[in-house]
Amino acid sequence: MAEQAYSKPYVFLICLALTIFAGCKEKCAQPQTVLKLGHTLDIAHPVHKAMVYMAERVNEKSAGRMKVEIYPSEQLGTEKECIEALQLGYLAMTKTSSAPMEGFVPQMKIFGIPYLFRDSEHCWKILKGPIGKELLLAGQSKGLRGLCYYDAGARSFYAKKEINSPADLKGLKVRVQNSVMSMSMVKAMSGSPTSIPFGELYTALDQGVVDAAENNPPSFYTSRHYEVCKYYSLDEHTMLPDILAISTRVWNSLSPQFQQILQEAVDESVEYQRKIWIEAEKNDLKSVQDAGVTVIYPDKEPFRKSVKSVWDEFEGTDIGELIKRIQEVQ
Ligand code: GCU
């Protein structure tokens, strides 16, 4: 009898300890794999929000065994630096504009052809189709595997003065991304291009290092560049998609199950991003207007004509062939 009286609370305590341990183990489980993801955008940006969604999906699908840690606002370096870090395997993932990718994967120059896509629908038909898939994987041997595209809308000029036609760009110092294509486009339009990292652009505009820049409405708004540039001219010259990429080395080191989980979470985040993007574009355009920005809807034809030389440069080349294939898609 005496023995039993002792053993009951003893068994109870062991059970309690085991339950607490099991619960804690589940909650406090250390992920087996942590993937660091660096990018340039602000946390209020819809593309950042889509990546947060993707990271949550990865966490759920892997029951906490795989984790994506996101570092926004150029904390881990510029887009070019992050791409280089992926090649070396120092950084697992990055979200970059397709513009600086062209320096590593020349086929990506295609996205820098001004007025290439007829509209957003045409652009997404290409991105989701065989050409888009081909381009995502074109950098594999260079250490860069594209996981998806995110919508980055169309890019347009903003400046401290009105831009109604390419002639208004004459003598203007225009910030462009780290991209030869963007340089050629601005030159063809008669502006003076300068490449500056996104994170340094607010100060560069504020201090007059450059007079103008170009981007989509969510980036114009969340970067607060509208505080220094009061004219936004919707000439919509390029539709450069954003790209989420992983280091090929890191990708190859993941188990097939983790690769599948990651790709599924990424694909789901694309659907989510495209939904919130449409709202964000509308709202952010309104927000900059509320903040005193004049939005201009210029005639696009003179802009289109001014960049003919950028198209001509690629006649008879692989990019020229790609242009034809894209134009043929209805
Ligand atoms: C867009 C794009 C960013 C890029 C930025 C830029 O906002 O989403 O990835 O850094 O343009 O102009 O540099």
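Surface analysis of the chain yields an accessible area of 48 Å² per residue, using protein heavy atoms and a 1.4 Å probe. Taking every DSSP bridge with both residues inside the chain, close to 55 percent are antiparallel. Surface composition of the chain: carbon plus sulfur atoms contribute 54% of the solvent-accessible area (1.4 Å probe, protein chains only, all chains present).
Over all distinct Cα-Cα pairs of the stretch 171-330, the Kirkwood formula returns a hydrodynamic radius of 18.5 Å. Proximity of backbone amide H atoms, modeled 1.01 Å from N, is registered between F117 and M239 at under 5 Å, excluding neighbours fewer than 5 places apart on the same chain. Surface calculation, 1.4 Å probe, protein heavy atoms: S287 sits at approximately 30 Å² accessible.
Accessible area per residue (1.4 Å probe, heavy atoms of protein chains only) ranks W311, W277 as W311, W277, with the largest value leading. Here the sum of -39500 (n - 2.57) over DSSP H runs of 4 or more residues, divided by the residues of the chain, equals -14500 deg cm²/dmol at 222 nm, to the nearest 500.
Per-residue accessible area (protein heavy atoms, 1.4 Å probe) orders T78, T317 as T317, T78, starting from the largest.
Rolled with a 1.4 Å probe across the full set of protein chains, the surface gives M183 an accessible area near 50 Å². Under the definition of Cα pairs under 8 Å and six or more residues apart, what whole-number percent is the relative contact order of the chain? Once normalised by length, the contact order is 23 percent.
The values are calculated or read from the model by the stated rules, or taken from the named source; none is laboratory data. Since the structure is predicted, the reported quantities are computational estimates derived from the model, not experimental observations. Protein only, heavy atoms only, side chains kept; ligands, DNA and RNA dropped before computing areas. Shrake-Rupley method; radii C 1.70, N 1.55, O 1.52, S 1.80 Å.
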